[in-house]
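Written below as structure tokens is the structure these notes are about.
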Amino acid sequence: MLLSFSTWWASMEVISKIYWMVAIPFTLLFMFQLVMTFVAGGVDHDLDVHTDHVDVGHADFNLLTIKNLIAFFAIFGWTGIACIEGGLGTGLSVFISVFCGSVMMVVMAAIHYFMSKLADSGTLEMKNAIGKTGEVYLTIPARKTGSGKLQVKVQSSVRTLDAMTDELEDIKTGSIVEVVDLIGENILMVRRSR
């Protein structure tokens with residue numbers, strides 16, 4: 001078996017040897033990375049090297065990361081092997097393998113970018129409560145003479161927040177109210193739900 005491998009390796013062109021020497025180790029690294037993502041929940045964040053990125057909103061579109069480079073070289077190697085075995089010339093094989101590797105880098109960067117946009121920061125945005133209905137937890141005094149407490153579902157969790165009203169009567173505990181505005185940065189303006 002070793003003799004047949006040596007014969008096979010010796011009969012190969014230099015470009016085929018290069019493609020094989022790139023494809024095998026980078027495929028193993030890619031598979032290790034994939035397993036670690038499922039087992040450890042994506043511990044690869046510490047390994048990313050953010051050397052080239054385009055700032056888009058709050059998340060970065062990171063093209064050159066270790067993860068993306070490993071994917072580039074794995075796809076580059078296997079595409080090159082397929083092209084050479086398919087009878088294509090060296091120049092065309094290199095062009096196609098670089099193109100396919102680059103497409104893989106862009107696809108992986110896009111997946112990471114869009115997945116990061118799905119993550120919730122957990123920071124409460126009070127304006128997201130406007131238009132929601134909730135239940136009065138502590139009586140809300142009439143005519144903005146003081147604040148009470150309101151329990152309302154905001155950003156997928158029920159929160160107890162300060163609330164005021166400009167209605168003529170107090171809104172008692174247990175009443176259902178609607179959030180109509182925001183006073184300052186952290187007090188909700190409410191009215192009885194209609």
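Could you please report the charge total around I111, scoring K, R as +1 and D, E as -1 over all other residues with beta-carbon less than 12 angstrom from its beta-carbon?
Charge balance near I111 sits at +2.
If the reach is capped at under 28 angstrom between alpha carbons, list the lysines near K144, excluding any in the same chain fewer than eight residues apart.
Hits, sequence-local ones excluded: K127, K132, K153, K172.
Taking the alpha-carbon centroid of each part, what is the distance from segment 115-194 to segment 16-39 in angstrom?
53
Once you keep just the Cα pairs under 8 angstrom separated by 6 or more residues, what percentage relative contact order results for the chain?
The value is 14 percent.
Could you tell me which of A142, L161, M189 has its Cα farthest along the dipole of segment 126-192 towards the positive end, charges placed at Cβ (Lys, Arg +1; Asp, Glu -1), taken about the Cα centre?
So the residue we want is L161.
Summing -39500 (n - 2.57) over the DSSP H runs of n ≥ 4 in the chain and dividing by its residue number, what mean residue ellipticity at 222 nm do you reach, to the nearest 500 deg cm²/dmol?
-15000 deg cm²/dmol
Could you work out the relative contact order of segment 89-194, using alpha carbon pairs under 8 angstrom and six or more residues apart, expressed as a whole percent?
Once normalised by length, the contact order is 23 percent.
[x] 46, 38, 31; [y] 94, 31, 28; [z] 59, 38, 37: which one is Cα extents along the principal axes in Å as calculated from this entry?
Derived directly from the coordinates: [y].
What's the ranking of 176-185, 85-94 by average number of surrounding C-beta atoms within 10 Å, highest first?
176-185, 85-94
Laboratory data are not the source of any read-out in this text; all were calculated from the coordinates shown. Every value quoted in this text rests on a predicted model; they were computed, and no experiment measured them. All Cβ positions, glycine included, derive from the backbone under ideal geometry; neighbour counts span all protein chains shown.
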